[in-house]
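Take a look at the structure below.
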Amino acid sequence: MPKRILLIAFAVTAIALAACNSGYNPEDLYGTPAPTATTSTATPNPVVSAAVVTVYVSSSPLPNQSVTMSTDVNGSVGSTILTQTTDSTGTTTFTNLAPGANYCFYTKYTPPGGLMQEPQQCGFLWFNGVTLYINN
């Protein structure tokens, strides 16, 4: 008889432990769901209509540098819309842009004794500012 009671107690304990640990998650000790990270897709800013473009050569702003804004053809430079020159801080601002529209911004520069470089940035993320880097 004591053997039978001991087996029944053991079986009840095993079932209770199995029920308690059936969904055990070591990272969920307090019953709170694990945090999840979501990556948001960048969307155009509907109120920004100007792109600030800065040109750097060897980490220094490049003044008096021509910057061209063009149409974006599948992520590549298309037809020229406007060309402006950077100021003494290496910056120029293109205005009256359509929020959400894709544009390309590019420049051409040949460092002394080097090869011509044509950095460009295309797409709709221009509302964050555009930085064109030239290696020297």
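The values are calculated or read from the model by the stated rules, or taken from the named source; none is laboratory data. If you're wondering where the values come from, they're calculated on a predicted model, not measured in any experiment. Every residue, glycine among them, receives a Cβ derived from its backbone with ideal geometry; neighbour counts consider all protein chains shown.
Set side by side, the residues 107, 86, 54 differ, and just one is modelled with pLDDT of 95 or more, under 18 Å from residue 135 (Cβ atoms) and within 22 Å of the chain's Cα centre (by Cα), which is 54.
The condition of being loosely packed, with under 15 Cβ neighbours inside 10 Å, part of a strand (DSSP E or B), of a type outside the set (Phe, Trp, Tyr) and modelled with pLDDT of 95 or more holds for only one of 80, 68, that being 80. Among the residues of the range 95-102, are any in a strand (DSSP E or B), surrounded by 15 or more Cβ atoms within 10 Å (Cβ to Cβ) and in contact with a strand residue (DSSP E or B) (Cβ under 8 Å, 6 or more places away or on another chain)? Checking the range 95-102: not a single residue is in a strand (DSSP E or B), surrounded by 15 or more Cβ atoms within 10 Å (Cβ to Cβ) and in contact with a strand residue (DSSP E or B) (Cβ under 8 Å, 6 or more places away or on another chain).
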